[in-house]
Amino acid sequence: MSETAKEKLAALMREHPKPTGIILGYGTAGFRSRSDILPWIMIRIGILAALRSKVKQACIGSMITASHNPEHDNGVKLIDPHGEMLDQSWEVFANNLSSLDDDVNKLWEYLEILMAQLNIQLHDNAMIAIAYDTRQSSPLLASIVQRAAEIFYANVMNFELLTTPQLHYAVRCYNDDGLYGHYTEAGYFTKLCTAFQNLIEMTPNIKPCETLAVDAANGIGAQKLTYVNQQLPGLLHLEIFNDGTRGRLNEKCGADYVKLYQKAPEGLPLTNYSKYCSIDGDADRLVYFFMDQNHQFRMLDGDRFSVLFVAFIAKKLQEAKLLDQVQIGVIQTAYANGSSTDYIINILKVPVACVPTGVKHLHHKALDYDIGIYFEANGHGTILFSDNVKNKIKAAAEDANRTAAERLAANQLRAFIDIINETVGDAIADLLAAEAILSVMNLSIEGWLNLYTDLPQRQLKVPVKDRTMIQTTDAERRCVAPVHLQDCIDELVSKYPSGRSFVRPSGTEDIVRVYAEAATQKEADQLADAVRKIVEDMTK
């Protein structure tokens, strides 16, 4: 191996040493911590990105963000060639690199062994795409990733300020030679905005989009939504608040705040608009809300998006006479409200699959369907369309033997597909999709909410000595350990109309999460508290 590369790595490590006693693990969110202790891990992630690119012989993304976390935090995660999350098997390599101390000889020795194991060479080609959010710490951290990757002979494209979903999109487009779209930011906006415009303009007697007030979490999404506004004059009108000019990132605003506290964010007027939405700091989560006639706060979360999107898609497939040829599925976790599941299965007649918590499980299961729709309750989600269904819809749209109504429905679906960012949950794409559906279906936000009524629910956290004492099965809906815990939960649930409850261990801390729902809020609270007491008794 080149001694020069090793010397460059040693110099970079001296410049950004690893703090004593720091342990960071790579999880669903990548590496995430306070920004001032992250520079050293950026060296490791730059190396890992270069190695991953050499193995896959494709562009790998590196996104610098801490999403909905406070401004003083930051993080980094890698994006695989199709715009998906880093393959889980590589999290082991990330954690191995993280655990090694600042001894360049030991690190280099590990890298030589790893490259031999992966059958790659130092000088093999590599391509990395980097982007970051609006945090002050992001440019420095991005530059360290870039310098580390370049030591390992990677070419680097630095997109600078992007939303997380935009980088996922760019990586996919770059690697499939433009089949999915052009990999630039302009290409992203052109595809989504053109599709939105086409869908609106092809629909006869369409209801104009009402003004939407957007809480942009004082993050990157504010800049990008301003561009969307400019691209769609007369078709979409967004009033953007919490745009970063005054408030702090994610502080008392953003989708996570609204969902967690079940109340409107600070920084926007609650009397001037008929509907509102909040995105999070890196624009991959979206929730809607409004104030009803009694001035009560009403929220539409991820479950509501699943219902709205599947209702539209199923209706248009039926109008195009394609419904019986397409397998649609909605993927949920145990946290989905029981009423949403019931509505999708019994009213919309679409099957629902339940998977363990975590976007990687939802995304993977969605691939099993021609059209797989998934949303987490926090507002993160998307739709996956198979090549098979895209071809069927295209053929129907172009079939001169079909009626005008059938061809219109197929063309509406084609435009809708191009609004969606299939790589990952995308607040901007999902906002455009929701606004288009509300217009095309002539549906108000109240009408959307009234499609079904949520069952009241309560979530609690129970501190325990050892979270591994709790073990689950059936997509985390049933407990297998401790013995008899599930029997006790079942007995409690049987006492409450529409009752449902489950417990699951946290993935990161020694707490057990309790979820309960029932016909009334009082009963949901009582059920959650009763389950909490059982968990405490059985984990002493």
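Some observations on this one:
- Among the listed pairs K360/K461; K275/K394; K259/K316; K54/K465; K349/K461, those whose Cα-Cα separation exceeds 32 Å are K275/K394; K54/K465; K349/K461.
- Whole-angstrom gap from the range 292-323 to the range 236-291, using each part's C-alpha centre: 21
- Taking only the C-alpha atoms of the range 30-130, Rg followed by Dmax gives 13.6, 40 Å.
- Net charge contributed by nearby residues that have their C-beta within less than 10 Å of G83 (K/R +1, D/E -1): -3
- The range 457-539: Cα Rg divided by the 2.2 N^0.38 Å rule of thumb: 0.99
- Shown here are the Rg and Dmax of the Cα trace of the range 302-422, at 14.2, 45 Å.
- The calculated FRET efficiency for D387 paired with A186, based on their beta-carbon distance and R0 = 22 Å, is about 0.30.
- Cα gyration tensor category, rounded, prolate or oblate, for the range 162-288 with a/c compared to 1.5: oblate
- Other-chain or far-sequence residues with amide H under 5 Å of A129's (modelled H): I60, G61, S62, M157
- Rounded to 0.05, the FRET efficiency of the A400 and L367 pair, given R0 = 41 Å and the Cβ-Cβ distance, is 0.80.
- Taking all protein chains into account, the per residue accessible area for the range 1-88 stands at 38 Å² (1.4 Å probe).
- Amide hydrogen neighbours beyond the local backbone of K275, cut-off 5 Å, H modeled: A213
- Sites listed here are GluC sites (Glu not before Pro) in the range 198-244 whose DSSP assignment is loop and whose Cβ has at most 16 other Cβ atoms within 10 Å: E210.
- Between the range 65-123 and the range 132-196, the alpha-carbon center distance in angstrom: 18
- Backbone phi angles across the range 144-154, fed through the Karplus curve with coefficients 6.51, -1.76 and 1.60 (θ = phi - 60°), yield HN-Hα couplings of 5, 4, 4, 5, 5, 5, 5, 4, 9, 6, 9 Hz in residue order; Gly and Pro are listed as x.
- The range 456-518 - percent of accessible surface contributed by carbon and sulfur, probe 1.4 Å: 48
- Using the average count of surrounding beta-carbon atoms within 10 Å as a protection proxy, the listed peptides 275-286, 510-521 rank, highest first, as 275-286, 510-521.
- Phi angles of the range 312-324 translate, via the Karplus equation with coefficients 6.51, -1.76, 1.60 and θ = phi - 60°, into HN-Hα couplings of 5, 4, 5, 5, 6, 5, 5, 5, 8, 6, 10, 4, 6 Hz per residue; Gly and Pro are given as x.
- Amide H contacts of T472 (H built 1.01 Å from N, under 5 Å, at least 5 apart or other chain): V480
- Largest-first ellipsoid semi-axes for the range 196-351, taking √(5λ) over the Cα gyration tensor eigenvalues, angstrom: 29, 21, 15
- The slack in the chain from H72 to D537, taken as 0.36 nm per residue of separation less the alpha-carbon distance, amounts to 163.6 nm.
- Percent of beta bridges antiparallel (DSSP, the range 1-155, rounded to nearest 5): 60
- Segment Y261..D487, full-extension length gain: 78.1 nm, with 0.36 nm per residue of separation and the alpha-carbon distance subtracted.
- In the range 355-441, the GluC sites (Glu not before Pro) that fall in loop regions by DSSP, at most 16 other Cβ within 10 Å: E398
- For T382, net neighbour charge (Lys/Arg +1, Asp/Glu -1) across residues whose Cβ lies under 9 Å away: -3
- Accessible-area composition of the range 321-361, carbon plus sulfur, in percent [1.4 Å probe]: 56
- Evaluating 6.51 cos²θ - 1.76 cosθ + 1.60 at θ = phi - 60° for every residue in the range 290-300, the Karplus couplings come out as 7, 9, 7, 4, 9, 6, 8, 6, 10, 10, 10 Hz, glycine and proline recorded as x.
- Spin-label proximity, E112 to the range 1-44 - amide N less than 17 Å from point 7 Å beyond Cα toward beta carbon: 1-10
- For the chain, the normalised intensity computed at q = 0.10, 0.11, 0.13 Å⁻¹ comes to -0.87, -1.04, -1.36 (log10 of I(q)/I(0), Debye sum over alpha carbons, equal scatterers, no solvent).
- Under 15 Å, Cβ to Cβ, from P351 - net charge with Lys/Arg +1 and Asp/Glu -1: -2
The values are calculated or read from the model by the stated rules, or taken from the named source; none is laboratory data. Bear in mind that the values here come from a model prediction, so they are computed numbers and not experimental data. When we count neighbours, we look across all protein chains shown, and the Cβ atoms used for this are built from the backbone with ideal geometry, even at glycine. Just so you know, the surface numbers come from the protein's heavy atoms only, side chains and all, with ligands and any DNA or RNA stripped out. Shrake-Rupley method; radii C 1.70, N 1.55, O 1.52, S 1.80 Å.
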